[in-house]
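> Sharing a structure, written as structure tokens. Questions coming.
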Amino acid sequence: PIRGDSGRRIREGFVASTGSVLIAADYSQIELRLLAHLSQDENLREVYLHGEDIHARTAALVAGVDPSQVTSDMRRQAKVVNFGVVYGMGAHALSQQLGVAHADAKRFIDGYFAAYPAVEPWMERVVEEGREKGYVSTLLGRKRLIRELGDKNRAVRERAEREAANTPVQGSAADLVKKAMLMVDREIRENGLPARMLLQVHDELVFEAESDRAEEAARRIKALLESALTLSVPLVAEAGIAPSWGKAH
């Protein structure tokens with residue numbers, strides 16, 4: 001688990017060797033950035049091109065208020081909506097997660113699609129293409145077969161539609177991380193990057209490096225992650241250094 005005290009304590013159990021530290025490098029909001037690139041929604045791209053807070057921006061657009069009027073609670077709700085839309089979350093699931101009425105959850109989702117008008121049509125095109133071809137593709141061309149898109153059972157069909165719409169985003173994120181791993185591995189073997197790759201967890205890579213060279217390694221790793229793909233929005237990575245994995249965030 002990543003959230004809460006238990007997740008933090010588990011990560012603190014992963015420690016570096018004597019004289020070394022761990023480097024935890026991960027992408028910032030990679031799936032939302034990929035959604036901006038794939039959908040080419042101008043409002044979504046603008047957030048990342050100008051380095052704005054995506055959750056505050058979404059909250060302001062959905063509520064129809066100035067970003068300066070966005071409260072922490074509004075931002076929290078917008079964060080759930082931002083990530084929920086990527087996974088095809090409907091009003092029922094959103095209402096349960098936010099603890100709000102179904103009508104309010106539907107209003108949040110409708111408001112999101114109104115704020116970012118190119119996202120829903122793009123998702124619909126992905127699903128239709130999947131229905132025609134029997135598969136959907138990631139940004140680097142990896143295919144995922146989804147045969148249930150024409151299923152007569154509505155629940156089965158709708159689950160397949162959510163999977164189809166999500167796959168180009170989540171699958172492309174997986175492609176990106178693997179490409180970054182290959183680039184870092186090549187840099188270690190061919191150009192003497194002073195680090196050892198230990199672990200990959202979703203959009204995060206964990207390395208071990210000698211304490212006196214960790215800053216150099218972290219800087220080079222961050223640059224490699226950010227150059228792994230060229231998108232229409234910037235890729236941003238963070239790299240933390242600490243004796244344990246839990247403290248490297």
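> Go through region 176-200 and count every residue that is of a type in the set (D, E, K, R) and under 12 Å from the mean Cα position of the chain (by Cα). Steps first, answer last, please.
Of region 176-200, the ones of a type in the set (D, E, K, R) are 178-179, 185-187, 189-190, 196.
Within this subset, residues satisfying the condition of being under 12 Å from the mean Cα position of the chain (by Cα) are none.
Number of matching residues: 0.
> Among Thr71, Thr18, which is the only one that is of a type outside the set (Asp, Glu), more than 26 Å from Leu225 (Cβ to Cβ) and at pLDDT 95 or above?
On the way: Thr71 fails: at pLDDT 95 or above.
Going through Thr71, Thr18 in turn, the sole match is Thr18.
Let's see how each residue does on (1) of a type outside the set (A, V, I, L, M); (2) under 24 Å from Leu235 (Cα atoms); (3) loosely packed, with under 15 Cβ neighbours inside 10 Å:
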| site | (1), (2), (3) |
| --- | --- |
| Leu139 | no, yes, no |
| Lys143 | yes, yes, yes |
| Ala155 | no, no, yes |
| Asn166 | yes, yes, no |
| Asp175 | yes, yes, no |
| Ile188 | no, yes, no |
| Pro194 | yes, yes, yes |
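> Residues in region 216-249 that are part of a helix (DSSP H, G or I) and open to solvent by less than 60 Å² (accessible area, probe 1.4 Å): how many? Before the answer, list the steps.
Within region 216-249, the subset part of a helix (DSSP H, G or I) is 216-226, 246-248.
Restricting the remaining residues to those that are open to solvent by less than 60 Å² (accessible area, probe 1.4 Å) gives 216-218, 220-221, 223-226, 246, 248.
Going through region 216-249 one residue at a time, the tally reaches 11.
> State whether one or more residues within region 148-157 are closer than 30 Å to Val15 by Cβ and of a type in the set (S, T, N, Q).
Narrowing region 148-157 to residues closer than 30 Å to Val15 by Cβ: none.
Scanning region 148-157 turns up no residue that is closer than 30 Å to Val15 by Cβ and of a type in the set (S, T, N, Q).
> Exactly one condition in (1) under 26 Å from Arg157 (Cβ atoms); (2) surrounded by 14 or more Cβ atoms within 10 Å (Cβ to Cβ); (3) among the hydrophobic types (A, V, I, L, M, F, W, C); (4) modelled with pLDDT under 95 is not met by Ile54; state its number.
Failed condition: (1).
> Further question on the same structure: If you take the residues of region 191-226 that are in contact (Cβ under 8 Å) with a residue 12 or more places away in the chain and among the small types (Gly, Ala, Ser), which of them is nearest to Tyr27 (Cα to Cα)?
Ala218
> Could you list, in sequence order, all residues of region 24-51 that are at negative phi, in contact (Cβ under 8 Å) with a residue 12 or more places away in the chain, open to solvent by 30 Å² or more (accessible area, probe 1.4 Å) and over 16 Å from the mean Cα position of the chain (by Cα)?
Residues satisfying the conditions are Glu42, Asn43, Leu49.
> Answer with yes or no whether Arg33 is assigned to a helix (DSSP H, G or I), farther than 26 Å from Thr138 by Cα and out of contact with any Lys or Arg (no Cβ under 7 Å at 6 or more places or on another chain).
On the way: assigned to a helix (DSSP H, G or I): yes; farther than 26 Å from Thr138 by Cα: no; out of contact with any Lys or Arg (no Cβ under 7 Å at 6 or more places or on another chain): yes.
No, not satisfied.
> Quick test for you: out of Arg144, Arg162, pick the one residue that is modelled with pLDDT of 95 or more and either more than 19 Å from Ala36 (Cβ to Cβ) or part of a strand (DSSP E or B) (or both).
On the way: Arg162 fails: modelled with pLDDT of 95 or more.
One residue alone meets the criteria, Arg144.
> Sort out which residues of region 92-103 are under 25 Å from the mean Cα position of the chain (by Cα) and either open to solvent by 60 Å² or more (accessible area, probe 1.4 Å) or of a type in the set (Asp, Glu) (or both), and write them in order of number.
Answer for region 92-103, where residues must be under 25 Å from the mean Cα position of the chain (by Cα) and either open to solvent by 60 Å² or more (accessible area, probe 1.4 Å) or of a type in the set (Asp, Glu) (or both): His92, Gln96, Gln97, Gly99.
> In region 196-215, which residue that is in contact with a Pro (Cβ under 8 Å, 6 or more places away or on another chain) and outside any helix (DSSP H, G or I) is least open to solvent (accessible area, probe 1.4 Å)?
Ala209
The values are calculated or read from the model by the stated rules, or taken from the named source; none is laboratory data. Remember, predicted model here, so these are calculated numbers, not experimental data. We place every Cβ from the backbone using ideal geometry, glycine too, and count neighbours over all the protein chains shown. Heads up: the accessible areas ignore ligands, DNA and RNA and are worked out on the full protein's heavy atoms, side chains in. Shrake-Rupley method; radii C 1.70, N 1.55, O 1.52, S 1.80 Å.
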